[in-house]
């Protein structure tokens, strides 16, 4: 087992509060995946069964939205960097991807299969509790970020942001 993977997992928010032994158990589930800049990790609506952790690089999270002219275009909702994760909704029972994720830079990921993670949590419920609690906090942050972006976009489209008080 690569000590590098264990060291990296210690810095990942969703694995915060785990013991060294628990982190090592998570590390045994990880496989390393490399992707180039511009490559799509997955598309919105794809089936998925993996949690992905960014070791190196940056990814863009986007949704397909309709422009004011009616064209369907990708809209960035978040940028994620080393130490952050995505695709975690599969651990919560979501089978389809809620957004498209594209590599901005060359990326190195740690990938964990949902069924392997679930089996680990069955054997060690403390790991499941800690990770789910951390994941809830992370998803809450991502939802707030997306809501702020959406709220700003709605106000801009309604002409509220460019108005000056009379």
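The number of residues in region 120-133 being over 18 Å from the mean Cα position of the chain (by Cα) and assigned to a helix (DSSP H, G or I) comes to 8. Scanning region 30-57 for residues that are modelled with pLDDT under 95 and part of a loop (DSSP other than H, G, I, E, B) yields 43, 44, 45, 46, 48, 49. When the residues of region 58-75 are filtered to those that are surrounded by fewer than 13 Cβ atoms within 10 Å (Cβ to Cβ) and in a strand (DSSP E or B), the one that is nearest to the chain's Cα centre (by Cα) is 73.
Within region 7-23, the set of residues being in contact with a helix residue (DSSP H, G or I) (Cβ under 8 Å, 6 or more places away or on another chain) and within 24 Å of residue 80 (Cα to Cα) comprises 9, 10, 13, 14, 15, 16, 17, 18, 23. Do we find a residue being modelled with pLDDT under 95, surrounded by fewer than 16 Cβ atoms within 10 Å (Cβ to Cβ) and closer than 21 Å to residue 35 by Cβ anywhere in region 86-96? Checking region 86-96: at least one residue is modelled with pLDDT under 95, surrounded by fewer than 16 Cβ atoms within 10 Å (Cβ to Cβ) and closer than 21 Å to residue 35 by Cβ.
Name the residues in region 83-119 that are within 10 Å of the chain's Cα centre (by Cα), in a loop (DSSP other than H, G, I, E, B) and under 17 Å from residue 136 (Cβ atoms), would you? Passing the criteria: 84, 87.
Mind listing whichever residues of region 142-166 are exposed (fewer than 12 other Cβ atoms within 10 Å of the Cβ) and either under 16 Å from residue 77 (Cα atoms) or modelled with pLDDT of 70 or more (or both)? Matches in region 142-166: 143, 144, 147, 148, 151, 154, 156. Could you please find all residues in region 100-123 being without any contact (Cβ under 8 Å) to a residue 60 or more places away in the chain and out of contact with any helix residue (DSSP H, G or I) (no Cβ under 9 Å at 6 or more places or on another chain)? 119 - this is the single residue of region 100-123 that is without any contact (Cβ under 8 Å) to a residue 60 or more places away in the chain and out of contact with any helix residue (DSSP H, G or I) (no Cβ under 9 Å at 6 or more places or on another chain).
The values are calculated or read from the model by the stated rules, or taken from the named source; none is laboratory data. This structure is a prediction, so every number in the text was calculated from the model and none was measured. All Cβ positions, even for glycine, are placed from backbone atoms using ideal geometry, and neighbour counts span all protein chains on display.
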